[in-house]
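Here is the structure we will look at.
Derivation of every value follows stated rules applied to the coordinates shown; laboratory data play no part. The structure presented is a predicted model; accordingly, all values stated were derived computationally and were not measured. Positions of Cβ are backbone-derived with ideal geometry, glycine not excepted, and every protein chain shown enters the neighbour counts.
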Amino acid sequence: GQQLNQSPQSMFIQEGEDVSMNCTSSSIFNTWLWYKQDPGEGPVLLIALYKAGELTSNGRLTAQFGITRKDSFLNISASIPSDVGIYFCACRNTGTASKLTFGTGTRLQVTL
Amino acid sequence: ETGVTQSPTHLIKTRGQQVTLRCSSQSGHNTVSWYQQALGQGPQFIFQYYREEENGRGNFPPRFSGLQFPNYSSELNVNALELDDSALYLCASSLYFPNTEAFFGQGTRLTVV
C-alpha cells in the first residue's frame with residue numbers, strides 16, 4: 001500500500017538539542033497528522049494540521065502543513081529523554097477520519 | 001472517559017488457523033478502523049466500520065473480515081493465517097460526524113508460526 005516518505009529514518013541526538021523531521025507525499029491530502037509510538041504501544045496523536053501553510057505548536061513541538069499539501073515537517077525543541085520513540089506522519093482527506101495513510105517513521109534516540 | 005482497548009495483547013497461532021481480535025472503541029466514538037503494522041513499518045489501513053457496515057477497505061484480501069456491534073465495539077477476523085500475517089494489529093476509533101481524529105488502542109501482537 002501507499003506510504004508517505006519520512007526522513008531521516010533514524011537519528012541520535014543529545015539531550016537539549018533541537019530535532020527536525022519531514023514527510024512527503026506524491027498525492028495531495030487535506031489533513032496532516034503527527035503521531036508518536038512507544039514500544040509495545042499504539043500511536044499517540046501529537047499535532048493535527050488542517051490548512052495548507054498552517055503552523056501549529058504543542059509545547060515543544062511545532063509542525064507545519066506544506067503549501068503544496070504534499071509535505072509537512074515536525075520540529076522538537078530542547079529534546080529530553082522521554083522524546084525517544086518512533087514518530088509517524090499520517091495523512092487523510094476530509095470525511096475519512098479513520099482512513100489514514102502513514103509514513104515510514106523516524107526513530108529518535110536521545111542520549112544524555 | 002475510557003480509551004480504546006484491545007484484547008488479547010499477545011497471541012500465537014499456527015499457519016492455517018483462524019484468529020479473532022477484539023476492540024472496544026473510545027466512549028462517544030462510532031467509527032472503528034483496523035490497521036496492520038509489520039515490524040519496522042508504519043501502520044497499514046485494513047478497513048473501517050461505521051453503522052455496523054464496512055465503510056472503506058485497504059489493500060487486504062477477503063480472508064481479513066470484520067464486524068461492528070451496536071455498542072460500536074469491533075472484531076477483526078483473519079482466516080487461513082499465513083506467516084506474513086505476523087504483526088501488531090491496531091484498532092482506532094473516531095467520530096464519523098463531525099470528524100474527529102483517530103485514537104489508537106495499544107494493539108494486539110499476533111505471531112503466526
> Can you give the average number of partner chain beta-carbon atoms within 10 Å of each beta-carbon in peptide B:32-39, as a whole number?
Replying inline: 2
> Can you pull the mean other chain C-beta count within 10 Å for peptide B:51-61?
Replying inline: 1
> Viscosity 1.306 mPa s, temperature 10 °C: Stokes-Einstein D of chain B from its Kirkwood Cα radius, in µm² per second?
Replying inline: 114 µm²/s
>> P(r) for region A:61-112, please, calculated from all Cα pair distances in 10 Å bins and given in %.
In response: 20, 45, 27, 7, 0
> Short version: what are the Cα gyration tensor semi-axes of region A:1-77, square root of 5 times each eigenvalue, largest first, in whole Å?
Replying inline: 20, 15, 13
>> When a/c reaches 1.5 or more, the comparison of a/b and b/c decides; with that in mind, is the protein assembly as shown rounded, prolate or oblate per its Cα gyration tensor?
In response: prolate
>> I'd like the projected area of region B:55-113, averaged over all directions, using the convex hull of its alpha carbons. Report it in nm² with one decimal.
In response: 4.9 nm²
> For the protein assembly as shown, with only Lys/Arg (+1) and Asp/Glu (-1) charged at the beta-carbon, what is the dipole magnitude about the Cα centre, in debye rounded to 20?
Replying inline: 400 debye
> For chain A, modelled as a Gaussian network with Cα springs under 10 Å, which listed residue fluctuates most, A:Ser26, A:Ser82, A:Ser98?
Replying inline: A:Ser98
> How high is the relative contact order of chain B, in percent, counting Cα pairs under 8 Å that sit 6 or more residues apart?
Replying inline: 37 percent
> For B:Phe69, A:Phe88, what's the fewest-to-most ordering of other Cβ within 10 Å of each Cβ?
Replying inline: B:Phe69, A:Phe88
>> Please list, in order along region A:65-73, the HN-Hα scalar couplings obtained from phi with the Karplus expression 6.51 cos²θ - 1.76 cosθ + 1.60 (θ = phi - 60°), rounded to whole Hz, x for Gly and Pro.
In response: 9, x, 4, 7, 6, 10, 7, 7, 10
>> Just to confirm a number: summing +1 for Lys and Arg and -1 for Asp and Glu over residues other than A:Gln64 whose beta-carbon lies under 13 angstrom from that of A:Gln64, what do you get?
In response: +1
> Using the reciprocal of the averaged 1/r over all distinct C-alpha pairs, how large is the Kirkwood radius of region B:3-48 in Å?
Replying inline: 12.6 Å
> If each residue's Cβ is checked for other Cβ atoms within 10 Å, how do A:Ser25, B:Ser27 rank with the fewest at the top?
Replying inline: B:Ser27, A:Ser25
> Each residue of region A:45-61 in turn: what ³J(HN,Hα) in whole Hz from Karplus with 6.51, -1.76, 1.60 and θ = phi - 60°, glycine and Pro shown as x?
Replying inline: 5, 9, 8, 10, 10, 10, 10, 4, x, 5, 10, 10, 10, 9, x, 7, 9
>> Can you give me the long-range amide H partners of B:Thr5? Hydrogens built in the peptide plane at 1.01 Å from N, cutoff under 5 Å, separation of 5 or more residues or another chain.
In response: B:Ser24
